[in-house]
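Single-structure report; data block below.
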Amino acid sequence: MQVNDISRTKSAELYEKAKTYFPGGVNSPVRAFRSVYGTPLFIEKGDGSHLWDADGNEFIDFCGSWGPLILGHNHAAVRENVMRVMQKGMSFGAPTALENELAELILSNNRFIEKLRFVSSGTEAVMSAIRLARGYTKRDKILKFEGCYHGHTDSLLVKAGSGLVTFGETSSAGVPKPFADETVVIALNDEEALQKAFEDFSGQIAAVIIEPVPANNGLLLQTKDYLNYLRELCTLNGTLLIFDEVISGFRVGFEGAAGYYDIKPDIITYGKIIGGGLPVGAYGASAEIMDHISPVGSVYQAGTLSGNPVAMAAGIAQISELLQPGFYDKLNAKTADFVSDIRSHVAEKGYELEVFTIGSIFWFAFTNQVSITRADQIDPESMLKFKAMHRELINRGIYFGPSGYEVGFISAAHTQEDLERTKTAIFDSLEIVFSN
Ligand SMILES: *Cc1c(COP(=O)(O)O)cnc(C)c1O
């Protein structure tokens with residue numbers, strides 16, 4: 001069934017104004033809707049699984065602020081804890097009991113880290129983890145994977161050149177080439193390339209950084225065997241293994257991907273969910289590694305608003321909910337049923353579409369490959385189909401992140417009714433996408 005485009009009059013007005021204030025009208029590039037149809041939607045409010053834009057259009061939200069909102073929007077426990085704490089002041093630049101409280105909740109329920117430090121974003125967590133690894137190993141090079149995103153820190157804004165093992169080429173202006181030269185980039189899920197990188201740069205690699213659940217360039221699920229092999233090679237070479245769990249942490253289970261695959265990295269970075277919707281990041285490791293950080297160690301890292309009480313309050317409330325018995329079983333089962341119904345429909349219709357999933361994450365890939373583990377297996381042309389689907393979904397009140405390379409998230413707030421309505425909207429949208 002065809003439907004009309006929703007009204008975006010107010011959003012368009014706000015966007016015109018915003019373009020005079022901010023480059024591209026936004027404070028983070030993907031928000032500009034460059035790879036989907038129409039004006040970016042300016043959001044007015046969110047409640048549970050639903051969002052409302054400035055024109056009063058209502059959506060069921062599967063972006064969840066790009067991952068943090070695992071309980072949905074404006075969750076009562078999070079809101080109330082934030083309001084309670086902020087009555088006592090917003091920031092002191094001195095320690096508070098709230099930092100202990102959030103650390104205790106995390107560390108006593110996580111087998112993989114013994115100490116952590118709070119920062120204010122995922123980028124900052126990654127940047128600090130890299131410095132820690134370099135300081136700890138007294139080596140300079142880091143190895144990353146094509147198709148993993150680690151925030152916008154200079155040395156990680158690099159992409160692979162041609163060849164099995166390459167120095168990174170900068171993927172942003174403003175990153176000096178000598179920085180990129182310290183970063184080695186290889187493809188995901190390629191044991192041979194990994195082996196060769198450790199041979200070519202023997203004794204030089206401080207750390208390997210990976211999203212153990214790569215979820216920023218499609219959902220490029222790795223095998224447990226490959227991740228184990230990576231762990232083994234890092235250990236053999238005296239290289240630290242960093243799991244960037246800014247998305248997967250507290251998402252694929254309380255202990256994130258480390259727990260899911262039962263693999264112990266040397267350093268873990270967190271962000272997104274940990275802050276309950278406020279700006280929080282963290283990095284953690286064994287006490288022995290973490291004690292290389294200042295003021296006890298020689299690796300400097302600091303933050304005026306680190307461990308901010310209001311942000312800690314949001315994190316404490318959200319993390320406490322995640323520790324309720326059965327939280328993840330229920331959320332993951334709900335997601336598995338949703339994906340399974342879509343897959344059955346797609347199979348029946350014979351559409352060229354795969355839905356990849358882990359935990360409460362899903363990704364629509366317009367392909368007939370049954371497995372995608374590397375960035376170069378994604379056909380850029382397939383994004384045209386995503387773009388068409390995104391428009392149809394928006395018009396039917398379903399909000400997916402505005403790029404086909406982004407994954408979707410199910411939250412505890414999504415009801416069976418939400419998911420039934422969403423499936424109907426997806427089926428109607430796909431019919432249109434595949435009839436053109
Ligand atoms: C989002 C993300 C980051 C960056 O976090 P910001 O809070 O946006 O700075 C880093 N790594 C991964 C895996 C992410 O998903």
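The values are calculated or read from the model by the stated rules, or taken from the named source; none is laboratory data. For clarity, every value in this text was computed on a predicted model and none was experimentally measured. Cβ coordinates were reconstructed from backbone atoms using ideal geometry, including for glycine residues, and neighbour counts include every protein chain displayed. Heavy atoms of the whole protein, side chains included, go into the accessibility calculation; ligands, DNA and RNA do not. Shrake-Rupley method; radii C 1.70, N 1.55, O 1.52, S 1.80 Å.
Annotations
- Highest average first, the peptides 213-224, 297-308, 339-350 ordered by how many other beta carbon atoms sit within 10 Å of their residues are 213-224, 297-308, 339-350.
- Under 13 Å from the Ser35 label point (7 Å along Cα→beta-carbon), backbone N, segment 395-436: 401-408
- Of the DSSP H helices in the chain, those whose Cα atoms cover at least 24 Å axially and whose Kyte score averages -1.0 or more: 327-349, 416-435
- The equivalent ellipsoid that matches the C-alpha gyration tensor of the chain spans semi-axes of 34, 27, 21 angstrom, in descending order.
- Fluctuation leader among Leu188, Leu71, Leu236 - the chain, Gaussian network, Cα springs under 10 angstrom: Leu236
- Protection-proxy order for peptides 389-397, 78-86, each taking the mean of Cβ atoms within 10 Å per residue, highest first: 389-397, 78-86
- Tensor-based shape of segment 203-281 (alpha-carbon gyration tensor, a/c under 1.5 rounded, otherwise prolate or oblate): prolate
- Note on Lys423/Ser298: beta-carbon distance plugged into 1/(1 + (r/R0)^6) with R0 of 56 Å gives a FRET efficiency of 0.55.
- Solvent accessible area, Å² - Leu105, 1.4 Å probe, full protein context: 40
- Residue-span extension gain [Leu236 to Asp341] - 0.36 nm each, minus C-alpha spacing: 33.4 nm
- Averaging Cα coordinates gives a centre for segment 337-362 and one for segment 366-384; these two points are 15 Å apart.
- Considering only the Cα atoms of segment 289-365, their convex hull presents on average a projected area of 8.9 nm².
- For the chain, the share of accessible area belonging to carbon and sulfur comes to 51 percent (1.4 Å probe, ligands and nucleic acids excluded).
- Pairwise centroid distance, computed over Cα atoms, of segment 131-176 with segment 111-125, Å: 20
- Calculation over all alpha carbon pairs of segment 1-87 in 5 angstrom steps from 0 returns a P(r) of 3, 12, 17, 21, 19, 14, 9, 3, 1, 0, 0 percent.
- Once the Cα-Cα distance is subtracted from the 0.36 nm per residue extended length, the Asp225 to His152 segment shows a gain of 23.3 nm.
- For segment 76-322, with +1 on Lys and Arg beta carbons and -1 on Asp and Glu, the positive-most of Ile106, Thr166, Pro95 along the dipole: Pro95
- Every helix of 4 or more DSSP H residues in the chain counts as -39500 (n - 2.57), and over all residues that averages to -11500 deg cm²/dmol at 222 nm.
- Pair-distance profile P(r), taking every C-alpha pair of segment 53-195, with 5 angstrom steps and integer %: 2, 7, 11, 14, 15, 14, 12, 12, 9, 4, 1, 0
- For segment 248-317, the residue among Pro295, Gly284, Ala313 whose Cα projects farthest onto the positive side of the dipole built from Cβ charges is Ala313.
- Average silhouette area of segment 76-322, convex hull of alpha-carbon atoms, in square nanometres: 13.0
- Added length on full extension, which subtracts the Cα-Cα distance from 0.36 nm per residue, Leu107 to Thr415: 107.8 nm
- Spatial separation of Cα centroids for segment 13-82 and segment 196-260, in angstrom: 31
- Solvent-accessible area per residue for the chain (1.4 angstrom probe, square angstrom): 43
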